[in-house]
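Written out below as structure tokens is the structure these notes cover.
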């Protein structure tokens with residue numbers, strides 16, 4: 001198995017921030033937006049997640065990325081916390097709801113002990129303000145602990161300070177699309193679709209077109225999907241098309257949740273262009289068009305991470321999704 005934690009260790013500071021930014025952006029609906037701040041002037045913020053569309057006018061969380069050669073130490077922790085309280089007290093933004101140290105290589109024992117007993121963080125920060133914070137907040141300036149900063153510290157719930165190591169980060173379910181994007185991680189195989197006994201509203205478009213195609217061949221009495229399922233000649237054909245449609249639907253749902261949107265977009269583009277020319281040819285009738293496109297679809301080579309898992313019914317069912325949306329109609 002690929003050790004994705006080790007790959008995160010190898011990132012530089014900027015790339016760690018970008019990776020965390022991608023992860024926070026994927027944490028919907030927890031966050032309605034996110035931003036990455038970098039370089040001088042970030043005021044102690046690396047990546048932030050907003051709980052509301054009011055952004056800093058509403059609750060927000062701070063993710064401080066510390067890509068260090070060694071474990072995160074107490075001085076770094078207190079200095080970074082001090083920056084947030086100092087700039088919040090200055091009115092630049094409210095104190096965050098939570099503060100997460102993203103330290104791929106973890107933290108020293110003293111930091112772990114401090115975070116595990118939140119009631120001790122504020123006293124320790126105040127005790128060490130002069131040596132950890134006073135000269136580190138604004139370059140060339142010294143800032144003693146003010147009443148405003150002390151009030152900000154006193155008002156914060158330090159149980160909301162946490163540590164996130166690389167090993168724990170990669171196990172987060174929302175990291176899956178990020179690992180695929182950054183390290184070409186394997187998203188795994190999608191489940192096979194289950195075909196409901198009754199027709200579903202989502203099938204209306206391509207089913208109506210299939211019924212029209214059957215009527216072209218003389219099955220004029222077909223009133224709906226139930227009639228098609230019971231039809232001696234076309235019943236099996238109709239069942240197979242529904243199986244393909246729902247196999248493709250399950251495939252899309254799975255990879256919509258486990259990959260970035262561009263992955264499925266690329267898959268759809270490969271299938272569309274793979275069958276487009278066959279679809280555009282002149283065919284004897286609609287069923288002949290469907291048959292020709294299905295033959296073509298099963299041979300389409302899908303690029304990228306989904307190529308390994310694009311089963312034949314999924315490729316064929318995707319064509320019914322195109323028909324469903326009107327992108328490649330079976331019957332005009």
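At a glance:
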| item | result |
| --- | --- |
| Residue in region 200-220 that is within 30 Å of residue 28 (Cα to Cα), modelled with pLDDT of 95 or more and in a loop (DSSP other than H, G, I, E, B) present | no |
| Residues of region 140-156 satisfying the condition of being without any contact (Cβ under 8 Å) to a residue 12 or more places away in the chain and farther than 15 Å from residue 91 by Cβ | 140, 141, 142 |
| Hey, residue 34 in contact with a strand residue (DSSP E or B) (Cβ under 6 Å, 6 or more places away or on another chain) and in contact (Cβ under 8 Å) with a residue 40 or more places away in the chain or not | no |
| Residue within region 77-85 that is surrounded by 15 or more Cβ atoms within 10 Å (Cβ to Cβ), in contact with a helix residue (DSSP H, G or I) (Cβ under 7 Å, 6 or more places away or on another chain), assigned by TED's automatic domain parsing to the domain that holds residue 120 and at pLDDT below 95 present | no |
| All positions within region 177-207 that are closer than 23 Å to residue 306 by Cβ and crowded, with 19+ Cβ neighbours inside 10 Å | 177, 178, 179, 180, 185, 187, 190, 193, 206 |
| Flag if residue 248 is assigned to a loop (DSSP other than H, G, I, E, B), outside the structural domain of residue 19 (by TED's automatic domain parsing), touching a helix residue (DSSP H, G or I) at 6+ places or on another chain (Cβ under 9 Å) and surrounded by 16 or more Cβ atoms within 10 Å (Cβ to Cβ) | no |
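The values are calculated or read from the model by the stated rules, or taken from the named source; none is laboratory data. On a predicted model such as this, the values are computed, not experimentally measured, just so you know. Every residue, glycine among them, receives a Cβ derived from its backbone with ideal geometry; neighbour counts consider all protein chains shown.
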